[in-house]
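Encoded as C-alpha cells, the structure appears first; notes follow it.
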Amino acid sequence: LGMGITFVVSTIGTFEPGGLFGREVYFDSLTMFVFFLLTGRWLELKLRDRTAGALESLMNRLPDSARRMGINGREEVVAVRRLVPGDVIRVLPGEAFAADGIVSMGETQVDEALLTGESRPVQRGLGALVVAGSYNLSGTVLVNVQHVGADTKFAQIVALMESASSSKPNIAQLADRLAKPFLLAVLISAGAACAWWWQFDPERALMIAVAVLVVTCPCALSLATPAAMLASAGSLARQGVLVRRLRALESLAAIDALIFDKTGTLTDSAASLNATSVRPGVSVRQALSMAEALATHSLHPVSRAIQRAARATEDDAGPHETWRCDSVVETPGQGLQGVVRFDGDVAEATSTDLKLGSASFCSVVSTGDAGQQVYLSDSGGWLATFDFAEKARPHAQSAVRQLQTEGLTVYMLSGDNMATVGRVAEATGIVHAHGGCSPEEKLTFLKQLQQKGHKVAMVGDGLNDGPVLAGADVSFTLGQAVPLAQTKADFVILGDDPSTVVQTLRQARRTLALVRQNLLWALLYNAASIPLAVLGFLSAWMAGLGMAASSLIVVLNAMRLMNKGQTTGGAALQEA
C-alpha cells in the first residue's frame, strides 16, 4: 500500500509539475522500498534453504538413475523411479544408494551421516543393509533392492521434515493473531496522520502516511517465531534429530519430567544370549529355531536378539531345524503368539501353537532374575527360557545426570521384571524406576503426573510405547523404532545416543528464549517508530530502511541457533 501510494503521488507530480504533488517526486524512495523488501525476502529464503539440513539438498541426495543388472548379467542405466523390489543394482564408490537394500556382493564403507547423525563411515559387507541417500565411499557393491520410493527410510525422513516445516507453533499462532489487530491499528494511525498533516502540507501528508505504513510493516513480528523455529529445526537435523512438529520445541522447553522406556532406549538393543534352559526332549537349537519363527515377525529389540542368536547357532553348528510361522499376533509389552510348523523333509508335518514373551504371557513361573528372561511355551506348558544380558548404553548415565541438572525428574517405566529394571536404574542413576508395566499402566502413570501439573516428555522405541508417546506433552523415539512409535513422536533421534535428548532440550530452551527476544525487539521497534513517523521525523526512504533492518535483525538473531550445539557429525554433514 505504501509503495502504491508513493508511485501514484510521484507519477502525478511528474506529469503535473505545477500541481499539488509536483514539487517533489519519490521514485528514489520507491526503488529503495523494493530493494530493501527483496533483500529481506532473499535473506529469509537463504535461511529456509539452510534449515533441516536444507530440505532441498536432502531430497537431491538421491541419484536420478541407477545401474540395474539384467537377467543376462548385463548392466543397464535406468531411472530410479523404475526400480522395483527384487532388482539388483551396482553402486560405484562416490555414488549414492538409490534404494534401501541388502548387499549381495562386495564390501565397502558407507557415509550414513545425514540418516543417522553418525559422522564416521560404517562398514557394510555381504548381507548388510544399506539405505537410500547414503553414500558408497570405498568399494563397488551389488545391492538387492528391498524398498523403493516412498517406502525407503530416506523418503520417510523427508516426509518428517516436510511435515515439520508446514506445522505452526502455538506462539507463532499468537503472533499471527496479534499481527491482525496491529495491522488495523497501523492503517488507522496512517489515516489519522495523513488527515492531520493535510491541513498544513497535503503533499507531505501523503508521504508521512506512507512512512507510517512502511516503517510498521509487521514483517519482523511475523518472522520472529518461524525464523527461530526453522533455524533450530535445521540445527537439530544436523545433530541427527528430526523435528516432526515445530510446536514441540515450545512444549519441550517447558517440561519438568521425563520418562524413559528401558529396552532399546537406555539399554543397548543388541542384547546377547547368555544361557538357554529347555524342556527335556527339546534341544537348544530346536528351541531357538522355534522362537526365531515367531521373532521374525517382530521389531522388538529382544526379538532381533533371538534372531541373531539363532543365526549364530546355525553358523557354529551347521543348519538347524527350520520352523515357519505365517501369522503372528503381537501383544504390546507382553509377547508373540502364533502357530509354528516344522518345515523339514519329513513325512509327518508338525505344527504347534507357541507363545514367546514374558512369564505371565506364557503362563509359566519365572525361574530367576539373572537378566532379561524371555520364555517359550506351547499347549503343554514351558518349553524354554532365554536369558539375555542387557547393558546400559555408554552415555545413558551421563544423559540422566545432565537431565537432572536441567531440573527434570527422570523416571523409567518398563515391562520387564523389577530386578532387571533395578539393575539398569542403578547403572544409569535413575531413582524413580518401575517394572512390570503394561502399556495401559505406563499411560496411567503418565496421566497421573500430568494431573499433578507436570509437563512430561516420553522417550521410547517400541510398539508398546505408542499410547504413552501419544499421550505425553512431548515425545522422542529412536530412528530404528517401529513405524507406529515414530508416527506418535514429536522428535525422531536418528542415532541411539540418549544424550541427544539433553541436547534437544537445551536447544528448545535456547529457541524459546530467542523467540522472546525477537518478539520483544519487534514490539519495541514498532512502538518507537510509529510516533517518529507520525510526527514527520522519518522520511519515506528511512522508513523502508527501518522496516528491512528490523526484519534482518530478527533473521540474523534466529540464525545464531544454527551455529550452536553443532556436533562433529553436523560438521561432516555440512562438508558433505
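The values are calculated or read from the model by the stated rules, or taken from the named source; none is laboratory data. What you see is a predicted model; the values in this text were computed from it and never measured. Glycine gets a Cβ as well: all are built from the backbone with ideal geometry, and neighbour counts include every protein chain shown. These area figures cover heavy atoms from the full protein model, side chains too; ligands, DNA and RNA do not enter into them. Shrake-Rupley method; radii C 1.70, N 1.55, O 1.52, S 1.80 Å.
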Original post:
Check Ser351: other-chain or 5+ apart residues with amide H under 5 Å from its amide H, H built from backbone geometry?
Top reply: Phe342
Subject >> Mean accessible surface per residue for segment 186-304, computed with a 1.4 Å probe while every protein chain stays in place, in Å² >> reply: 31 Å²
Subject >> Inter-label distance, nm, simple model (7 Å from Cα along the C-beta direction), Ser65/Asp353 >> reply: 5.7 nm
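Say R0 is 56 Å: what FRET efficiency, to the nearest 0.05, do Trp198 and Arg509 get from their beta-carbon distance?
Details: r = 51 Å, r/R0 = 0.90.
The formula returns an efficiency of 0.65 here.
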**OP:** Give me the distance in nm between label points sitting 7 Å out from Cα along the Cα-to-Cβ direction at Arg23 and Leu92, one decimal.
**Re:** 7.3 nm
Original post:
What is the spin-label model distance, in nm, from Trp42 to Glu107 if the labels are put 7 Å beyond Cα along the C-beta direction?
Top reply: 5.2 nm
**OP:** Place the peptides 543-554, 72-83, 435-446 in order of packing, highest mean first, counting for every residue the other Cβ atoms within 10 Å and averaging per peptide.
**Re:** 543-554, 435-446, 72-83
Original post:
Residue by residue through segment 132-137, which ³J(HN,Hα) values in whole Hz follow from phi under the Karplus form 6.51 cos²θ - 1.76 cosθ + 1.60 (θ = phi - 60°), with glycine and proline marked x?
Top reply: 4, x, 8, 10, 7, 9
Original post:
How much solvent-accessible surface does Val34 expose, in Å² to the nearest 10, with a 1.4 Å probe and all protein chains in place?
Top reply: 60 Å²
Original post:
On average, how much accessible surface per residue is there in segment 388-442, in Å², for a 1.4 Å probe, leaving out ligands, DNA and RNA?
Top reply: 45 Å²
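Rank-order 195-202, 412-419 by packing density, defined as the average count of other C-beta atoms within 10 Å over each peptide's residues, highest first. If you can, show how the numbers build up before the last one.
Details: 195-202: 12.4, 412-419: 21.6.
Result, highest mean first: 412-419, 195-202.
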